[in-house]
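Note sheet for the following structure.
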Amino acid sequence: MRVRVDGEERIAEEGQTVAAVLLAAGRDSWRTTRFGGRPRGLFCGIGVCFDCLVVVNGVPDVRACLRPVAEGDDIRSQDGAEVPS
Amino acid sequence: MRRVVVVGAGPAGTAAARAAASFGVEVVLIDAAPTPGGRHRWDARGAGARAELPDEVEHLPESAVWAIEPVPGGHRVHVRTGPVDGPERTGRAIEARALVLATGAHDRALPFPGWDLPGVCTAGAARAMARDQGIAVGERVIVAGTGPFLLSAAVSLVEAGARVTAIFEAGDPVPGFITRPGGALAGWTKAGELARYAATLARHDVPLCRRSAVIAAFGKDRVEAVLAARLDRDWRPVPHSLRRFEVDAVAVGFGFTPQLELAVAARCDLEDGFVAVNAAQATSVPGVFAAGDLTGVGGADLAAAEGAVAGAAAAKLLGARVRAPIGAMRRVRAGRRFAAALAEAYPLRPGWREWLREDTPVCRCEEVAYGAFRRAVEELDVGDARVLELATGAGLGLCQGRICGRSVAELAGLPETADAFARRPIAAPVRLGELAEDVPVDEGP
């Protein structure tokens with residue numbers, strides 16, 4: 001299936017999580033923290049740490065490690081605390 | 001109301017659902033993942049893993065239980081179903097006479113300088129990414145922490161194509177197993193598994209260094225190197241034992257923390273940080289059962305056996321004619337001995353506090369540095385988790401203290417550290433619009 005990662009088209013596979021798509025794309029971080037602006041990516045891998053938050057189809061705060069990709073998903077890095085677009 | 005609701009479809013939950021359904025009662029199995037099986041299984045071939053569910057079980061995949069509340073004659077379970085954290089999830093409230101909680105556990109990570117750098121992740125994350133998604137979290141990886149799960153994570157990484165530079169085991173586990181021969185014997189099935197892991201790691205030339213730990217990670221925007229040290233008995237770094245390794249990922253795990261929020265919301269009694277259960281897996285709350293890592297960490301076989309007992313007991317509560325699950329109860333007893341030996345063999349020692357520096361974040365969400373944290377604790381009388389949160393900011397963030405709670409409670413010297421942060425009335429994130437929505441209540445048969 002086709003998805004977009006920060007505007008760039010990528011091929012993803014059924015059953016992949018958004019975090020797997022991002023790691024496969026060579027990304028190790030896709031969010032910045034609210035205070036220090038520090039990069040964050042995968043940490044707990046099981047949906048409890050909320051470090052891997054990402055914007056999917058305009059909706060922020062989606063846990064990349066749990067969310068399965070869907071055809072046409074628009075995946076975007078999250079900058080601090082974002083409001084839904 | 002005449003139904004069993006099982007929360008969590010790992011080895012314990014799937015076994016509970018299967019057992020209850022086999023006695024002819026209605027079963028709803030709720031799980032966050034799209035497919036049953038759970039995430040952090042001890043072994044890929046473990047009993048109950050990737051199990052087929054019988055048709056009688058109504059499986060609700062991609063479903064988050066965000067609250068439970070008591071209602072006359074049972075409990076009401078609040079569920080959102082749909083893509084994780086998406087706005088299009090649908091709400092439902094399901095009532096049940098019997099509730100089986102099998103929500104599992106997640107890796108415990110101790111703070112250390114640089115643990116917030118991308119490339120540092122939990123052993124469970126590295127293993128799940130390797131095994132479920134076929135992706136190694138790095139090319140050169142160090143695995144560090146304590147417990148046999150580290151070996152499983154290292155094997156998964158090797159099999160996904162990573163070069164595992166070393167495994168640093170902070171403990172010195174052999175003496176623990178020798179002092180508890182009954183426990184080691186009970187874990188005999190695991191011994192074969194550990195031997196297989198050891199063979200794979202030996203073939204790939206992965207050294208296992210005991211009484212050693214990664215005490216710092218370095219890098220600008222991601223991990224580039226780590227500092228490893230020999231540890232003394234209390235896990236304090238031994239002077240002049242530091243070694244630097246160039247790596248692009250570190251997988252850390254210091255045992256597991258049970259996901260207690262639903263059990264705490266149901267007001268189940270806890271014991272040593274786990275849900276207290278009797279021989280029928282019944283908690284202190286009538287109609288609520290618990291199975292798997294919630295009651296103590298002992299691997300998939302024990303979890304599945306506990307699930308089978310809990311499912312049978314739940315069916316019996318509904319009035320089904322139930323044969324006592326003698327085989328499963330025997331496996332539970334043996335598994336518990338193994339779990340006790342495991343806990344004794346891999347204790348956490350307090351010297352990890354000496355790995356911290358002034359600027360080390362102890363709370364990742366709120367970016368609370370150890371120095372500021374310590375000063376706030378010294379200046380204010382911090383007697384419990386709520387005050388600690390407000391005084392320091394630690395535990396107030398998105399993860400609600402799931403990652404840092406036990407560690408900051410220990411750093412602050414709180415009396416109850418294992419479950420200090422487990423009271424979370426909203427157990428999974430919901431958006432405000434979802435909270436405001438009127439949802440149908442399914443009272444069942």
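The values are calculated or read from the model by the stated rules, or taken from the named source; none is laboratory data. Because the structure is a prediction, the values reported are computed rather than measured. Quick reminder, even Gly has a Cβ in these numbers, built from the backbone with ideal geometry, and neighbours come from all protein chains shown. Accessible surface areas use protein heavy atoms only, side chains included; no ligands, DNA or RNA. Shrake-Rupley method; radii C 1.70, N 1.55, O 1.52, S 1.80 Å.
So how far, in whole Å, is the C-alpha centre of the stretch B:211-257 from the one of the stretch B:339-377? Taking the Cα centre of each part, the stretch B:211-257 and the stretch B:339-377 sit 14 Å apart. Computed from point charges on the beta carbon alone (+1 for Lys and Arg, -1 for Asp and Glu), the dipole magnitude for the stretch B:357-411 about its Cα centre is near 220 Debye. For chain B, build the charge dipole from Cβ charges (+1 Lys, Arg; -1 Asp, Glu) around the Cα centre, then report which of B:I135, B:G124, B:M329 sits farthest towards its positive end. The one lying farthest along the dipole's positive direction is B:M329. Between B:R374, B:R80, B:R402, where does the largest GNM mean-square fluctuation fall for chain B, given springs only between Cα atoms within less than 10 Å? Answer for the Gaussian network model of chain B: B:R374. Rolling a 1.4 angstrom probe over the protein heavy atoms with all chains in place gives the protein assembly as shown an accessible area of 41 Å² per residue.
Accessible area buried by the pairing of B and A, both sides summed with a 1.4 Å probe, works out to roughly 3200 Å². For the pair the stretch B:125-154 and the stretch B:387-445, the centres of their Cα atoms are 27 angstrom apart. As a calculated quantity, the FRET efficiency between B:F218 and B:A280 at R0 = 56 Å, using C-beta atoms, amounts to about 0.65.
The mean number of partner chain beta-carbon atoms within 10 angstrom of a residue's beta-carbon across peptide B:118-127 is 6. Apply 1/(1 + (r/R0)^6) to the Cβ-Cβ distance of B:R323 and B:L242, taking R0 = 45 Å, and write down the FRET efficiency to the nearest 0.05. Taking R0 as 45 Å, the efficiency between B:R323 and B:L242 is 0.15. For A:R34, neighbours were defined as the other residues whose beta-carbon sits under 9 Å from its Cβ, and their charges (Lys and Arg +1, Asp and Glu -1) total -2. For helix B:123-133, report the angle its Cα long axis makes with the longest principal axis of the Cα atoms of chain B; keep it between 0 and 90° and round to the nearest 10°. Value to nearest ten degrees: 60. Placing +1 on the Cβ of each Lys and Arg and -1 on the Cβ of each Asp and Glu in the protein assembly as shown, which of B:A300, B:V7, A:G72 has its Cα farthest towards the positive end of the resulting dipole? It is B:A300, whose Cα lies furthest towards the positive end. Can you tell me the orientation of helix B:300-317 relative to chain B, as the angle in degrees between its alpha-carbon axis and the longest Cα principal axis, to the nearest 10? With both axes taken from Cα atoms, the answer is about 20 degrees. What you get for the stretch B:208-353, charging only the Cβ of Lys and Arg (+1) and of Asp and Glu (-1), is a dipole of about 460 debye around the Cα centre.
Counting only DSSP beta bridges with both residues in chain B, the antiparallel share comes to about 50 percent. Only helices enter this figure: runs of n ≥ 4 DSSP H residues, each worth -39500 (n - 2.57), summed and divided by the residues of chain B, yield -9000 deg cm²/dmol at 222 nm to the nearest 500. With Cα atoms as the point set, chain B shows a radius of gyration and Dmax of 21.8, 68 Å.
Can you check what the net charge comes to around A:V69, using other residues whose Cβ is under 15 Å from the Cβ of A:V69 (Lys, Arg +1; Asp, Glu -1)? Walk me through the intermediate numbers first.
Details: positive: A:R2, A:R4, A:R10, A:R27, A:R63, A:R67, A:R76; negative: A:D6, A:E8, A:E9, A:E13, A:E14, A:E71, A:D73, A:D74, B:E62, B:D85, B:D132.
Its environment carries a net charge of -4.
Is there a quick way to get the dipole size of chain A? I mean about its Cα centre, with the Cβ of Lys and Arg at +1 and of Asp and Glu at -1; what is the value in debye to the nearest 20?
Working: 11 positive and 13 negative charges, 63 e Å.
It comes to approximately 300 debye.
I'm a student and want to see the number: the projected area of the Cα convex hull of the stretch B:109-253, averaged over all directions, in nm². Mind dumping the intermediate values first?
Details: hull surface 35.0 nm².
Projected over every direction and averaged, the Cα hull of the stretch B:109-253 covers 8.7 nm².
When nucleic acids and ligands are ignored and a 1.4 Å probe is applied, B:Y197 ends up with an accessible area of around 20 Å². Taking B:A102, B:A166, B:A314 in turn, the Gaussian network model of chain B (Cα-Cα springs below 10 Å) assigns the largest fluctuation to B:A166. Label point of A:A81 set 7 angstrom out along Cα-Cβ; within the stretch A:24-44, amide nitrogens under 14 Å from it belong to A:33-37. Accessible surface of chain B, 1.4 Å probe: 54 percent of it comes from carbon and sulfur atoms.
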